[in-house]
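Engineer: Supplied in structure tokens, the structure appears directly below.
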Amino acid sequence: MIKNEQDLLALAHQLCGLTIAQLAERLNEIVPDNSLHAKGFVGQLIERALGANSGNLPVADFPDLGVELKTIPINTKGKPRESTYICMVPLKAQYHIVFEQTVVYQKLQRILWIPIESEPHTQVSARRIGQPLLWSPNEIQFQQLRADWQELVDMIAMGELEMISAQIGEYLHIRPKAADARSLTKSINFLGETTQTLPRGFYLRSVLTEQIINRSQQKKN
DNA sequence: TACTGATCATTC
DNA sequence: GAATGATCAGTA
């Protein structure tokens, strides 16, 4: 059982350098051959290895520590290959929402990043676990994240959800998060009426996650 | 080739 | 359906 951040980070360090095949073998898991059908597999494997057990509840992976676990695919140059999903976007417009009381804020407070070294379409089993990194947003990052969040939430509150594209937001943006483009969830339209729309998620852009990952590399020198 | 919209697996 | 874990892949 993990008691504090130091224990968690130490455990994560023990995974560093392992391939997914090696970690899966330790945990008696079968690695999917096809990466198309393996989305989420690596993240769930790392969760098991580190003892995260908050399931699919909208809370941090380690509730007692307030730490969120994120694997992030990085290429050979150390650049993130994908954006990072954070949580669902509340689509029932509420006025006077406070950033500090939101799920997205809670998840962004403290993140244990586990880089996964891989190129597009490399065998899942061959992907390698990198140096873990505990991160909290610095002042500049925090202000920008809050500004992005405020802009997006304001649009939703104004009933402008359908005008939100993934291009809005410097660090944090909104994209579809669903089984497919036909998925529907309740939302509030511009007249304040309840309607149905595509579920959306908050994602971190790689321009931010690259900063985060590279800062840790600088510390090592 | 990076980005944005779409999609895949699993659990409850 | 709604949340988690994400990556895929067409196009700008």
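Engineer: Kindly indicate the residue of segment A:164-185 that is aliphatic (A, V, I, L, M) and within 14 Å of DNA strand C (Cβ to nearest atom) and also surrounded by the most Cβ atoms within 10 Å (Cβ to Cβ) among those meeting that condition.
Structural biologist: Across segment A:164-185, the extreme among qualifying residues is A:ILE174.
Engineer: Which of the strands (runs of 3 or more DSSP E) contained wholly in segment A:115-221 include at least 2 residues that are not polar (S, T, N, Q)?
Structural biologist: Filter on segment A:115-221 gives A:133-135, A:172-176, A:185-188, A:200-204.
Engineer: Select from segment A:62-79 the residues that are within 14 Å of DNA strand B (Cβ to nearest atom), within 12 Å of the chain's Cα centre (by Cα) and not β-branched (Val, Ile, Thr) and list them in ascending order.
Structural biologist: Passing the criteria: only A:PRO73.
Engineer: Output the qualifying pairs, or none if there are none: Cβ atoms under 9 angstrom, residues six or more apart or on different chains, first residue in segment A:88-111 and part of a loop (DSSP other than H, G, I, E, B), second residue acidic (Asp, Glu) and at pLDDT 95 or above.
Structural biologist: Qualifying pairs under 9 Å: A:ARG110/A:GLU5; A:ARG110/A:GLU68.
Engineer: Within segment A:186-208, can you find the residues that are within 8 Å of DNA strand C (Cβ to nearest atom) and under 21 Å from the mean Cα position of the chain (by Cα)?
Structural biologist: A:PRO199, A:GLY201, A:TYR203
Engineer: Let me ask another. Which pairs have Cβ atoms under 6 Å, sit 6 or more apart or on different chains, and link a residue in segment A:127-152 that is aromatic (Phe, Trp, Tyr) to one that is assigned to a helix (DSSP H, G or I)?
Structural biologist: Final answer for the pair search is A:TRP135/A:ILE212; A:TRP149/A:PHE99.
Engineer: Let me ask another. Which of the residues belonging to segment A:187-203 are at pLDDT below 95 and not polar (S, T, N, Q)?
Structural biologist: Answer for segment A:187-203, where residues must be at pLDDT below 95 and not polar (S, T, N, Q): A:ILE188, A:PHE190, A:LEU191, A:GLY192, A:GLU193.
The values are calculated or read from the model by the stated rules, or taken from the named source; none is laboratory data. These figures come from a predicted structure and were not determined experimentally. Don't worry about glycine lacking a Cβ; one is built from the backbone with ideal geometry, like all the others, and counts go over all protein chains shown.
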